[in-house]
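Have a look at the structure below, then the notes.
Taken together, the values in this text are just the output of simple stated rules run on the coordinates, not laboratory data. Everything numeric in this text was worked out from a predicted model, so none of it was measured. Positions of Cβ are generated from backbone atoms using ideal geometry, with glycine treated the same way; all protein chains shown enter the neighbour counts.
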């Protein structure tokens, strides 16, 4: 009769993969947090959004292998919605968090 092996480490890894947000989702949420912590009631412009994205990349992707970081950045960029006229940073952050749940 074969020996019974303990596969609890597989269950743990699978649980972690299924419950933790993906790297692109983390990047979008971190960008949202940067926007919310800045001036969430001011109309958002491209430069402010770009600054928030760069800060998020530094926080989320810093310790990842280059290939993983690049893929996360690419997928997050594809998911980023277009700015709406007169949209505030807080409003855009809400949309980013909603999208983050889908990537």
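What the table shows:
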read-out	value
Matching residues in region 18-49 - criterion: being in a loop (DSSP other than H, G, I, E, B) and touching a strand residue (DSSP E or B) at 6+ places or on another chain (Cβ under 7 Å)	40, 41, 42, 44
Complete set of residues in region 22-48 that are closer than 17 Å to residue 75 by Cα and touching a helix residue (DSSP H, G or I) at 6+ places or on another chain (Cβ under 7 Å)	23, 24, 25, 26, 27, 28, 29, 30, 31, 32
Check on residue 81, surrounded by 15 or more Cβ atoms within 10 Å (Cβ to Cβ), touching a helix residue (DSSP H, G or I) at 6+ places or on another chain (Cβ under 7 Å), outside any helix (DSSP H, G or I) and at negative phi	no
Some residue of region 50-65 being under 12 Å from the mean Cα position of the chain (by Cα), within 13 Å of residue 25 (Cβ to Cβ) and part of a helix (DSSP H, G or I)	yes
